[in-house]
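Below is one structure, written out as structure tokens; the observations come after it.
The values are calculated or read from the model by the stated rules, or taken from the named source; none is laboratory data. Predicted model, so just to flag it, every value in this text is computed and none were measured. Note that we place each Cβ from the backbone using ideal geometry, even for glycine, and neighbour counts take in every protein chain shown.
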Amino acid sequence: MKLLLVMMISLAVALPVGTSVAVDDKSIKVKRQEAQKLRQQQKNERNKEIREASRSLREFTRDLKKEYQESARDLDTDFKLQQVDMRAERNAKIVETEAEMQQKTTQLFLNPGGSNDDAALDRLKADMKSYSDQLFEIKKQAAIEEHSENMKNELEKHRLMDERDAAALDMASDLGLRGKYEPILAMPIGNGLTKQEENWNLREKKEVEKLFKSNQRLLGEFLYGKKLRGWELDNKRADFDLEWQKKSELHTLNLEQNYFNSLFMQSSTDGEFDQKAFSERMSEFQKQNRLINIKHKKIHDKNRIKRTEQRRDIMAFK
């Protein structure tokens with residue numbers, strides 16, 4: 001009887017506690033479900049806002065780029081008109097110089113008995129070098145002037161593009177697309193986080209990083225435009241210098257070849273033409289010409305490979 005009484009008292013004491021735990025477990029579960037539902041709603045709202053902001057930015061930048069492209073096109077048109085005048089002036093100088101050189105060369109060959117002595121040949125060589133150098137210098141200086149005006153035009157276009165980029169980035173800031181988003185995290189309810197809540201937090205942290213990178217790609221043209229344009233302009237300057245370095249080397253070689261051709265043409269009229277010597281020398285000229293072109297092609301190809309990596313680095317999303 002006493003044993004039965006003890007069991008009944010123990011049961012009476014235990015029942016309220018068990019009922020309370022059951023109620024608490026159910027309440028915590030409901031709170032977690034409500035918190036999960038709220039987090040999902042917040043995430044959906046955030047994603048909707050980002051989509052709408054991205055769409056608004058694309059519409060804004062589409063019109064913005066069109067406006068600045070028209071301004072840049074006007075600058076290019078003005079430069080092209082200037083370029084026509086510059087090239088016409090250069091060509092007129094070339095014609096005058098070529099005519100003068102032709103007259104003097106013709107006079108030298110037509111001078112009876114005057115083209116066979118060493119002094120006449122020296123004059124021919126000196127005149128040919130002088131006029132060839134003049135022609136080369138006319139072309140080079142004209143190219144330098146044209147290149148300089150082209151760089152000025154490019155810099156003016158860059159100023160316009162800098163304005164465009166700043167306007168686009170300001171709009172992106174106003175739309176909330178510039179910074180990183182705060183992750184919508186599950187907070188502990190009851191005895192810490194569940195495994196499901198821990199996984200949510202991990203996914204959410206990755207998600208906000210992914211959203212930031214996506215916005216960076218959307219803004220890439222405007223974020224890195226200035227650096228990219230400056231890099232491209234430096235490359236144009238370097239390419240121009242290399243081009244005229246190559247032309248200078250070929251000019252020196254061609255000048256020597258032209259003089260050599262003139263001597264052999266003259267010797268052939270006197271019956272002293274040496275076909276073997278002529279062929280050997282022409283072969284050497286051709287070899288040197290190919291070597292010059294090979295050297296500069298190697299430089300060009302290496303620059304192309306390097307620049308591919310440099311461009312990738314400039315446009316990298318860090």
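Pick from segment 275-312 the residues that are aliphatic (A, V, I, L, M) and modelled with pLDDT of 90 or more: which of them is surrounded by the most Cβ atoms within 10 Å (Cβ to Cβ)?
Going through the qualifying residues, I end up with I292.
Looking at R90, R46, can you tell me which residue is at pLDDT 90 or above and farther than 30 Å from L155 by Cα?
When all the criteria are applied, what remains is R46.
Within segment 216-224, identify whether any single residue is assigned to a loop (DSSP other than H, G, I, E, B), touching a residue at least 60 places away in the same chain (Cβ under 8 Å) and more than 25 Å from D74 (Cβ to Cβ), and answer yes or no.
Yes, because at least one residue in segment 216-224 is assigned to a loop (DSSP other than H, G, I, E, B), touching a residue at least 60 places away in the same chain (Cβ under 8 Å) and more than 25 Å from D74 (Cβ to Cβ).
Just one of (1) at pLDDT below 90; (2) in contact with a Ser or Thr (Cβ under 8 Å, 6 or more places away or on another chain) trips up R123, so point out which.
Every listed condition holds for R123 apart from (2).
If I189 meets every condition in (1) assigned to a helix (DSSP H, G or I); (2) buried (at least 16 other Cβ atoms within 10 Å of the Cβ) apart from one, which number is that one?
(1)
Inside segment 131-178, can you point out the residues that are touching a residue at least 24 places away in the same chain (Cβ under 8 Å) and either of a type in the set (S, T, Y) or not in a helix (DSSP H, G or I) (or both)?
Once the filter is applied, which keeps residues that are touching a residue at least 24 places away in the same chain (Cβ under 8 Å) and either of a type in the set (S, T, Y) or not in a helix (DSSP H, G or I) (or both), segment 131-178 yields Y131, S132, L175, G176, L177, R178.
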